[in-house]
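The structure appears below as structure tokens.
The values are calculated or read from the model by the stated rules, or taken from the named source; none is laboratory data. From a predicted model like this one, the values you see are computed outputs, not experimental measurements. With ideal geometry, Cβ positions are generated from the backbone for all residues, glycine too; neighbour counts draw on all protein chains shown. The accessibility values were calculated without ligands, DNA or RNA, using every heavy atom of the protein model including side chains. Shrake-Rupley method; radii C 1.70, N 1.55, O 1.52, S 1.80 Å.
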Amino acid sequence: MRFLVMSIAALLATEAHAEGFAVHDLSTVADDASAALGAGFTHKAEPGRVTLFCAGCKGGPMIDIKIDRQTDGTEQRVRSGQTSMADLERLCRAKDPACSLTGLSVSPAVGWITKWSMGPIIGSTAIILRDGDLLTIRSVADDADTARRNAEKIVETVSPKVVGR
């Protein structure tokens, strides 16, 4: 019994230190995300995912916002400097030689945004981590500028609300 009480106390103490994201229900930011992208964009929202698309826009751009967990140590390695943005870019380029990666200012979280291609589809993916919570914003379009611009608009609009202070 004593072991059980100590184990529960240890778990509660650990959880008290991990703050994670302020918002875990992405449906609460779906309207803001859609408005940030402009006329023509519609969305489908669920608590863990928002998908935005514009059927009438050139190239039919689509953006997927997803919330999840990532506890593999990446966040800690990036925070400590053990893994740099250059290291992450090398990993990205190993998958796609045209990949580029830059850091994002999303404090108190850490994050980066990539540009990649897969055949005729150009994409831009933002990764934002805070205390094991993961926000992924994946934007695809038929040109790099549109994919990147849409991803950046969603980062600017959604991440402050989701990440919190």
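Tabulated data
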read-out: In Å², nearest 10: area of residue 87 left accessible to a 1.4 Å probe; value: 50
read-out: Tensor-based shape of the stretch 117-165 (alpha-carbon gyration tensor, a/c under 1.5 rounded, otherwise prolate or oblate); value: oblate
read-out: Sorted peptide list for 131-138, 90-97, criterion being average Cβ within 10 angstrom, highest first; value: 131-138, 90-97
read-out: Cα gyration tensor shape for the stretch 43-121, rounded if a/c is under 1.5, else prolate or oblate; value: oblate
read-out: Kyte-Doolittle at least 0.5, axis length at least 20 Å by Cα - qualifying DSSP helices, the chain; value: 2-17
read-out: Karplus 3J(HN,Hα) series, Hz, for the stretch 110-115 with 6.51 cos²θ - 1.76 cosθ + 1.60 (x for Gly, Pro); value: 10, x, 8, 10, 10, 10
read-out: MRE, 222 nm, helices only [DSSP H, n ≥ 4, -39500 (n - 2.57), over the chain, to nearest 500]; value: -12000 deg cm²/dmol
read-out: Solvent-accessible ranking of 162, 140, largest area first, probe 1.4 Å; value: 140, 162
read-out: For the stretch 22-165: lysine pairs under 27 Å (alpha-carbon distance), excluding those fewer than 8 apart on one chain; value: 17
read-out: Residue 24 accessible area, 1.4 Å probe, all protein chains in place, Å² to nearest 10; value: 100
read-out: Centre separation in Å (Cα based) which lies between the stretch 133-159 and the stretch 66-111; value: 15
read-out: Cα gyration tensor, the chain - rounded (a/c under 1.5), prolate or oblate; value: oblate
